[in-house]
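The values are calculated or read from the model by the stated rules, or taken from the named source; none is laboratory data. Just so you know, these numbers come straight off a predicted model, no measurement behind them. Ideal geometry is used to build each Cβ from the backbone, glycine not excepted, and the neighbour counts take in all protein chains shown.
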Amino acid sequence: MFRKLCLALAVIVVLGAGTALASEPYVYAVTDMTWAEFYAGELGTSPANLAVSYDAVSTATARFVDRFSGGFLAKTSGDGSVFSGVKAVQVRISSDVYSAMADTSRYTLSRASFDEYKDLNADGTFGKMVSTSTDASAKISGLKVALAGGLSNGHGNYRLNISGLNWASLDVSVGTSYDKFLGATLETDDGKVYGMKPLHNLWVRGDFAQQVGFSIQDFAERNGTHLSYAHTADLPGNTIKKITYMLKNQPDVVISCDVYVKNWSLGNIKVSGDVKSGSSVKVTLVSSDIPADASYSLGAVEKITGHHESETLTSGTDYTYSGGVLTFTKLEAGSYTATFTDSSYVDIVVDITASDYYATTNMSWAEFYAAETGKTAKALETAGLDAISTPTTSKFQRFPLLWGSSFS
C-alpha cells in the first residue's frame with residue numbers, strides 16, 4: 001500500500017511539473033557548449049560548418065587550466081591542456097521545443113529568467129547571444145589599435161595591440177577564474193565575424209585581454225603550442241572594424257577600430273647585442289627574410305610607460321635612424337618599441353630593452369663607507385679608516401667577500 005502511494009505521488013509531481021512548464025512560453029537553462037556550438041550563432045552558420053575550424057584547442061602547458069577553469073571547459077592532457085568550449089552558457093528554450101526534446105540531460109534548468117541568453121532552435125543549434133538589457137554594451141572608440149607581425153611576436157602571425165583603455169572605468173569583470181568571460185569576436189568591413197579562442201587568440205593579462213593574436217598558417221608559440229589558424233586564414237585583405245569582448249550578465253565591451261590586415265611574411269627585425277642606457281646610444285637592428293618587394297621604413301619609436309601605455313618619441317630630437325642603426329639622444333633604462341611599416345606587408349614591431357650598467361669592483365674601507373658617512377675616501381683614510389690586520393689567518397677563510405690577503 002505504501003509503495004502504491006509513493007508511485008502515485010511521483011506521478012502527481014511529474015504531471016505537476018509538466019503542467020507548469022506548459023503554462024510558460026519559455027524555459028531557461030544553462031549548458032556547456034563547444035566552440036562550434038557557441039560561435040555558430042555569432043557567425044550566422046551551423047556548428048557542423050565550424051566543426052573543423054572551431055574544434056578544441058590545445059596547449060603545450062597545463063599551467064593555464066586553473067586560471068580559466070571557471071569560464072571554459074578546460075582539462076589537463078598529459079603535460080598540456082585542452083580547452084573544448086564555454087562553460088554554463090545561458091539559454092532560452094520555447095516550451096514547445098523543450099516538450100518535444102527526447103533528452104534534456106545536458107540542460108540545468110533555472111527558476112529565474114535571464115536578461116542575456118542564446119535561443120535554442122528547433123534543430124538543436126543555438127542562436128546569437130541576445131541581451132534584453134538597455135545597457136547591453138560599452139561602446140568605445142578613439143583607442144589605439146595596432147596590428148603587428150614579425151617572428152618575435154609570440155601571439156601568432158599577427159597581433160592586435162589595444163592601448164589607452166582603462167578597463168576598470170567600465171565597471172566590468174571577468175570574474176573568478178574567468179567565469180564571466182564568454183569569448184570575443186572580430187568583425188570586418190564586409191560584415192564577416194570571427195570567433196576568438198583563449199590561448200590561441202585571446203591573451204589575458206590582468207583583468208582583461210588587451211592583445212588578440214591570429215594566424216594564417218601554422219605557428220608555434222614560445223611554449224611549443226601550435227596555434228589554430230583555419231578560422232582566421234582569410235583575414236588578410238580585410239579591414240577589422242570592431243572587437244567585441246563577450247561577458248556574462250554584464251555589458252559587452254565593443255571597441256571600434258579601422259585596422260587593415262596587410263600581407264604577412266617571414267620578415268623579421270631584431271636587436272643585435274645588449275642595450276645599455278646612456279647618451280648617444282646606438283642600437284643595431286638586424287633584418288632577415290624581408291620580402292624583395294617590401295620597402296620597410298621606421299614609422300615610430302615609443303617608450304613603454306605602463307601596461308599597454310606608451311609615449312611616442314620625436315624623430316630628430318629623441319632619436320635618429322640610418323643604415324640599420326637607431327641612435328638615441330638619451331636612453332633611459334626601460335622598454336621601447338620601434339615600428340617598421342610597409343604599404344603591402346604587416347608592420348614589424350621591434351622590442352628594445354635598455355638596462356643600466358652594473359659591475360662589481362673591490363673597494364677599500366674608506367671608499368666603501370664614503371657615501372654612507374657623507375665624507376670623501378681620502379678624509380676617512382686620514383682619520384684612520386685604512387686596512388686592518390689580524391695575528392691569525394684562521395678567520396680569513398670565513399669572510400671570502402672581504403678583500404685582503406692571508407699572511408703567516
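Is there a residue being within 25 Å of residue 273 (Cα to Cα) and either in contact with a Cys (Cβ under 6 Å, 6 or more places away or on another chain) or modelled with pLDDT under 80 (or both) anywhere in segment 364-385?
The answer is no, given that none of the residues of segment 364-385 is within 25 Å of residue 273 (Cα to Cα) and either in contact with a Cys (Cβ under 6 Å, 6 or more places away or on another chain) or modelled with pLDDT under 80 (or both).
Looking at (1) over 18 Å from the mean Cα position of the chain (by Cα); (2) surrounded by fewer than 18 Cβ atoms within 10 Å (Cβ to Cβ); (3) among the acidic types (Asp, Glu), which one does residue 66 not meet, given that it meets all the others?
(1)
Among the residues of segment 111-126 satisfying the criterion of being surrounded by fewer than 17 Cβ atoms within 10 Å (Cβ to Cβ) and aliphatic (A, V, I, L, M), which is farthest from residue 47 (Cα to Cα)? Let's see the steps before the verdict.
Our first condition is that a residue be surrounded by fewer than 17 Cβ atoms within 10 Å (Cβ to Cβ); within segment 111-126, this holds for 111-113, 115, 121-124.
Add one more test, that the residue is aliphatic (A, V, I, L, M), and what stays is 112, 122.
Values: 112: 28, 122: 14 Å.
For segment 111-126, the residue satisfying everything is 112.
Give me the residue from segment 354-376 that is in contact (Cβ under 8 Å) with a residue 12 or more places away in the chain, of a type in the set (Gly, Ala, Ser) and not in a loop (DSSP other than H, G, I, E, B) and, out of that set, farthest from residue 333 (Cα to Cα).
Going through segment 354-376, the residues in contact (Cβ under 8 Å) with a residue 12 or more places away in the chain turn out to be 354-357, 362-366, 369.
Right, trim to of a type in the set (Gly, Ala, Ser) and you get 354-355, 364, 366.
With the extra rule that they be not in a loop (DSSP other than H, G, I, E, B), the set shrinks to 354-355, 366.
Details: 354: 5, 355: 5, 366: 30 Å.
Restricting to residues being in contact (Cβ under 8 Å) with a residue 12 or more places away in the chain, of a type in the set (Gly, Ala, Ser) and not in a loop (DSSP other than H, G, I, E, B), the top hit is 366.
Just checking, how many residues over segment 103-137 are without any contact (Cβ under 8 Å) to a residue 60 or more places away in the chain and among the hydrophobic types (A, V, I, L, M, F, W, C)?
Counting residues in segment 103-137 that are without any contact (Cβ under 8 Å) to a residue 60 or more places away in the chain and among the hydrophobic types (A, V, I, L, M, F, W, C) gives 3.
Scan segment 243-265 and give yes if some residue there is within 17 Å of residue 201 (Cα to Cα), among the charged types (D, E, K, R) and outside the structural domain of residue 334 (by TED's automatic domain parsing), otherwise no.
no
Out of segment 222-254, which residues are buried (at least 20 other Cβ atoms within 10 Å of the Cβ) and either among the polar types (S, T, N, Q) or within 19 Å of residue 147 (Cα to Cα) (or both)?
227, 228, 231, 232, 235, 240, 243, 244, 245, 250 - these are the residues of segment 222-254 that are buried (at least 20 other Cβ atoms within 10 Å of the Cβ) and either among the polar types (S, T, N, Q) or within 19 Å of residue 147 (Cα to Cα) (or both).
Kindly evaluate residue 99 against the criterion of being in a helix (DSSP H, G or I) and either within 19 Å of residue 48 (Cβ to Cβ) or small (Gly, Ala, Ser) (or both). Quick ask: steps written out before the conclusion?
Working: in a helix (DSSP H, G or I): yes; either within 19 Å of residue 48 (Cβ to Cβ) or small (Gly, Ala, Ser) (or both): yes.
For residue 99, the condition - in a helix (DSSP H, G or I) and either within 19 Å of residue 48 (Cβ to Cβ) or small (Gly, Ala, Ser) (or both) - is met.
Which condition number does residue 189 fail, the rest of (1) at pLDDT 90 or above; (2) under 17 Å from residue 35 (Cβ atoms) being met?
Among (1) at pLDDT 90 or above; (2) under 17 Å from residue 35 (Cβ atoms), the lone unmet condition for residue 189 is (2).
Can you tell me how many residues within segment 322-350 are more than 19 Å from residue 296 (Cα to Cα) and outside any strand (DSSP E or B)?
2
Identify all residues within segment 104-130 that are outside any loop (DSSP other than H, G, I, E, B) and either not assigned by TED's automatic domain parsing to the domain that holds residue 94 or not hydroxyl-bearing (Ser, Thr, Tyr) (or both); write none if there are none. Quick ask: steps written out before the conclusion?
Taking segment 104-130 first, the residues outside any loop (DSSP other than H, G, I, E, B) are 108-109, 116-120, 126, 130.
If the condition is that a residue be outside any loop (DSSP other than H, G, I, E, B) and either not assigned by TED's automatic domain parsing to the domain that holds residue 94 or not hydroxyl-bearing (Ser, Thr, Tyr) (or both), then 109, 116, 118, 119, 120, 126, 130 are the ones that fit.
Can you work out which of the residues in segment 127-162 that are of a type outside the set (Ser, Thr, Tyr) and loosely packed, with under 13 Cβ neighbours inside 10 Å is farthest from the chain's Cα centre (by Cα)?
Filtering segment 127-162 for residues of a type outside the set (Ser, Thr, Tyr) gives 127-130, 135-136, 138-140, 142-151, 153-157, 159-162.
Still in the list and also loosely packed, with under 13 Cβ neighbours inside 10 Å: 135, 142.
Values: 135: 26, 142: 21 Å.
The extreme case among them is 135.
Going by the conditions given, is residue 32 free of Cβ contacts under 8 Å to residues at least 60 places away in the same chain and of a type in the set (Asp, Glu)? Walk me through how you get there before you give the answer.
Numbers: free of Cβ contacts under 8 Å to residues at least 60 places away in the same chain: no; of a type in the set (Asp, Glu): yes.
In short, no.
Can you tell me which residue is farthest from residue 113 (Cα to Cα) among those in segment 20-66 that are assigned to a loop (DSSP other than H, G, I, E, B) and among the hydrophobic types (A, V, I, L, M, F, W, C)? If you could, list the steps in order and put the result at the bottom.
Narrowing segment 20-66 to residues assigned to a loop (DSSP other than H, G, I, E, B): 23-25, 44-46, 51-56, 60-64.
Then keep just the ones that are among the hydrophobic types (A, V, I, L, M, F, W, C); that gives 51-52, 56, 60, 62, 64.
Values: 51: 30, 52: 33, 56: 30, 60: 40, 62: 36, 64: 33 Å.
Restricting to residues being assigned to a loop (DSSP other than H, G, I, E, B) and among the hydrophobic types (A, V, I, L, M, F, W, C), the top hit is 60.
Got a sec? Which of 256, 215, 177 is touching a Gly at 6+ places or on another chain (Cβ under 6 Å), under 23 Å from residue 345 (Cα atoms) and among the hydroxyl-bearing types (Ser, Thr, Tyr)? Talk me through it step by step, then tell me what you get.
Values: 256 fails: touching a Gly at 6+ places or on another chain (Cβ under 6 Å); 177 fails: under 23 Å from residue 345 (Cα atoms).
Answer to the check: 215.
If the requirement is being of a type in the set (Ser, Thr, Tyr), under 30 Å from residue 227 (Cβ atoms) and surrounded by fewer than 17 Cβ atoms within 10 Å (Cβ to Cβ), which of these qualifies: 108, 45, 104, 59?
So the residue among 108, 45, 104, 59 that is of a type in the set (Ser, Thr, Tyr), under 30 Å from residue 227 (Cβ atoms) and surrounded by fewer than 17 Cβ atoms within 10 Å (Cβ to Cβ) is 45.
Could you please tell me which pairs satisfy a Cβ distance under 9 Å, a separation of 6+ or placement on different chains, a first residue in segment 81-96 that is at positive phi and surrounded by fewer than 21 Cβ atoms within 10 Å (Cβ to Cβ), and a second residue that is outside any strand (DSSP E or B) and acidic (Asp, Glu)?
Qualifying pairs under 9 Å: 88/179.
For segment 88-99, check the following and say yes or no: at least one residue is of a type in the set (D, E, K, R) and under 24 Å from residue 44 (Cα atoms). Outline the logic, then answer.
Applying the first criterion (of a type in the set (D, E, K, R)) to segment 88-99 yields 92, 96.
Retained after the next criterion (residues that are under 24 Å from residue 44 (Cα atoms)): 92, 96.
Within segment 88-99, one or more residues are of a type in the set (D, E, K, R) and under 24 Å from residue 44 (Cα atoms).
Can you name every residue in segment 66-96 that is among the β-branched types (Val, Ile, Thr) and farther than 19 Å from residue 38 by Cβ?
At the first step, the residues of segment 66-96 found to be among the β-branched types (Val, Ile, Thr) are 76, 82, 86, 89, 91, 93.
Matches in segment 66-96: 76 only.
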